Amino acid sequence: MLRALTSGLRLPRPWRPLRTRSCASHGATGDPEIQVRALTGRDQGITEILMNRPSARNALGNILVSELLEALAQLREDQQVRVLLFRSGVKGVFCAGADLKEREQMSEAEVGIFVQRLRGLMNEIAAFPAPTIAAMDGFALGGGLELALACDLRVAAASSAVMGLIETTRGLLPGAGGTQRLPRCLGVALAKELIFTGRRLSGAQAQALGLVNHAVSQNEEGNAAYHRARELAQEILPQAPIAVRLGKVAIDRGMENIPTQDRLEGMAAFREKRPPRFVGK
């Protein structure tokens, strides 16, 4: 049964037999840049977002960002979504980052607005209530890696996946959350090294550093990371959904600074070399 969020989407044939949702934002040709489907059978509870912008290697342009935001806004209200999986429909690429060709046509003010929207997209992915998994079978550079970092879990092809925050090689900075999420993932010193150098890592190297959860040998179809990500999602499905969601909240909030007066007092006391005066607030 097809279940569309909106009308008018033409889905690739392999997706048609599945219970499918679609998004309304379209490019100049009328073709959507993402497809969304909810799996059935033993995979019921897994929803996939497939990025499919082959002409630009899934670069994050205005249309793709709008479609992703629209999909997330609708999916976050759906309690049937137990795991959300991000994958690519373009072989050899997960996401090539921000669309710099599109950005060249923007005014300075428009660039600022776009970067804010891009940052908002990553925050929406990070705040999604159910676990999220990025399946990186190919290149994930700049904003593409920032998208993967916004996900809870990452799976990569050991050899064909190439990832890095390469903005400094282009005179830019990671502007969509990479400067905050990479240090939380790898530690400050290593994150600085990777950002300062703009170094690219293979999937195997990324796993050795702890940047991805799993690195797998690529298959002939070029979707080995997707299959491993789907297996990982299947491990999550049998668990209590509310407990999983609350576990995500507890971990994410625990990683943030403790917002208390006592924390500020403790820092001030250390700075002023005096005993802290805690008040329990």
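The values are calculated or read from the model by the stated rules, or taken from the named source; none is laboratory data. Predicted, not measured: the structure shown is a model, and the values here were computed from it. Quick reminder, even Gly has a Cβ in these numbers, built from the backbone with ideal geometry, and neighbours come from all protein chains shown. The area values use the complete protein model at the heavy-atom level, side chains included, leaving out ligands, DNA and RNA. Shrake-Rupley method; radii C 1.70, N 1.55, O 1.52, S 1.80 Å.
Simple rule: put +1 on each Lys or Arg Cβ and -1 on each Asp or Glu Cβ in the chain, find the dipole, and look at VAL188, SER55, GLY142; the Cα lying farthest toward the positive end is VAL188. Over the chain, Cα pairs under 8 Å with separation of 6+ residues give a relative contact order of 14 percent. Between ILE34, ILE195, ILE113, the residue with the greatest mean-square fluctuation in the GNM of the chain (Cα pairs under 10 Å linked by springs) is ILE113.
Comparing LEU190, LEU141, LEU201 in a Gaussian network model of the chain where C-alpha atoms under 10 Å apart are linked, the largest mean-square fluctuation is found at LEU190. As a rough guide to protection, the peptides 158-168, 118-128 ranked by mean Cβ packing within 10 Å, highest first, stand as 158-168, 118-128. In the chain, the longest principal axis of the Cα atoms and the axis of helix 62-75 are about 80 degrees apart. With θ taken as phi - 60° and the Karplus curve 6.51 cos²θ - 1.76 cosθ + 1.60 applied, the whole-hertz 3J(HN,Hα) list for region 108-114 is 4, 5, 5, 4, x, 5, 5 Hz, x standing for glycine and proline. Across region 38-118, Cα pairs under 8 Å and at least six residues apart give a relative contact order of 39 percent. Under a 5 Å amide H cut-off, with hydrogens placed 1.01 Å from N, ALA161 pairs with GLY203 among residues at least 5 apart or on other chains. The DSSP beta bridges internal to the chain are antiparallel in roughly 30% of cases. In the context of the full set of protein chains, residues of the chain present 50 Å² of accessible surface per residue (probe radius 1.4 Å, heavy atoms only).
Summary of packing: across the peptides 222-231, 148-157, 202-211, the per-residue average of other C-beta atoms within 10 Å ranks them, highest first, as 148-157, 222-231, 202-211.
Principal-axis analysis of the Cα atoms of the chain puts helix 224-236 at an angle of about 70° to the longest axis. Carbon-plus-sulfur accessible fraction, the chain (probe radius 1.4 Å, protein heavy atoms only): 55%. Given the chain, report the % of alpha carbon pairs whose separation exceeds 32 Å. In whole percent, the share of Cα-Cα pairs in the chain beyond 32 Å is 26. Measuring from centroid to centroid over Cα atoms, what is the spacing of region 149-190 and region 38-57 in Å? Region 149-190 and region 38-57 have Cα centres spaced 22 Å from each other.
Figure legend: label point modelled 7 angstrom from the Cα of GLN44 along Cα→Cβ; residues of region 212-246 with amide N under 19 Å from it are 231, 233-242.
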